[in-house]
Amino acid sequence: MKRWLIFLFITGLAAACSHPVERLPVYGKTTIVGEDTLHSVVRPFSFINQDSIEITNHSFESRIYVTDFIFLSCPSICPIMTQQLKRVYEMYRTDPNVFFLSHTIDPENDTIPRLKAYTEDLGIDSDKWFFVTGDKDSIFSIANDSYFATAFADSTAPGGFIHSGAFLLIDTHRQIRGAYDGTDPVEAERLMDDIQILLAEEFPQQYK
């Protein structure tokens, strides 16, 4: 009888001390197939970074990453976005499971040497934060179709482009798990917190 009571006590204590793992929502389009809910994923891509290295979806295999869309001559929100994202980068600079991906939406002017000089001035690790360029239509397409972000040329807009000011958090399954206003310091803090939540979900043995 005593053994049974001890067992019940230990079981109850374990249940009281255990908490369900916090999970972030999944954004994007969903499809119902039978009893399964399928979420949209970032489609395969291929761009070139500031070191002339091809960056693809395989570059982030088994990793999470934060992505955005900017251009270097942007007269409005881009510099603010980059400084806010650098805050997030600094917090996770040494974490091997977190990476960063910034797309230029002005590949004609944002050449690889210019991207390289910009990232050197920014003081970032080019193996950790990729600034990529490529075919303009491909960049616009992946922004709109995969990340559900706005990016297109508009001669009437400041700098000649209209684009989203969002940071997007992508999990190891290429699903969008968070969207944040890249110009808002409070939103950058929320992103930092959500990265930690996602790390605990994706790598439970490493982040207990």
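For region 74-94, which residues satisfy the criterion of being touching a residue at least 24 places away in the same chain (Cβ under 8 Å), loosely packed, with under 15 Cβ neighbours inside 10 Å and in a loop (DSSP other than H, G, I, E, B)?
If the condition is that a residue be touching a residue at least 24 places away in the same chain (Cβ under 8 Å), loosely packed, with under 15 Cβ neighbours inside 10 Å and in a loop (DSSP other than H, G, I, E, B), then PRO75, SER76, ARG93 are the ones that fit.
Can you go through ASP181, ASP135 and tell me which one is within 24 Å of ILE197 (Cα to Cα), surrounded by fewer than 22 Cβ atoms within 10 Å (Cβ to Cβ) and among the acidic types (Asp, Glu)?
On the way: ASP135 fails: within 24 Å of ILE197 (Cα to Cα).
None of the others qualify; the one that does is ASP181.
Does region 149-208 hold any residues that are touching a Ser or Thr at 6+ places or on another chain (Cβ under 8 Å) and not in a strand (DSSP E or B), and which are they?
ALA149, THR150, PRO158, GLY159, SER164, GLY165, THR172, GLN175, GLU202
For region 51-65, enumerate the residues that are assigned to a strand (DSSP E or B) and among the acidic types (Asp, Glu). Spell out how you get there, then give the answer.
Residues of region 51-65 assigned to a strand (DSSP E or B): 54-56, 64-65.
Answer for region 51-65, where residues must be assigned to a strand (DSSP E or B) and among the acidic types (Asp, Glu): just GLU54.
Here are the criteria: (1) closer than 18 Å to ASN97 by Cα; (2) in contact with a Phe, Trp or Tyr (Cβ under 7 Å, 6 or more places away or on another chain); (3) touching a residue at least 60 places away in the same chain (Cβ under 8 Å). Tell me which single one PHE203 does not satisfy.
Here PHE203 meets the rest and fails (2).
Which number in (1) modelled with pLDDT under 95; (2) loosely packed, with under 12 Cβ neighbours inside 10 Å; (3) of a type in the set (Gly, Ala, Ser); (4) within 21 Å of SER146 (Cβ to Cβ) marks the one condition that SER62 misses?
The one condition SER62 does not meet is (1).
The values are calculated or read from the model by the stated rules, or taken from the named source; none is laboratory data. Since the structure is predicted, the reported quantities are computational estimates derived from the model, not experimental observations. Don't worry about glycine lacking a Cβ; one is built from the backbone with ideal geometry, like all the others, and counts go over all protein chains shown.
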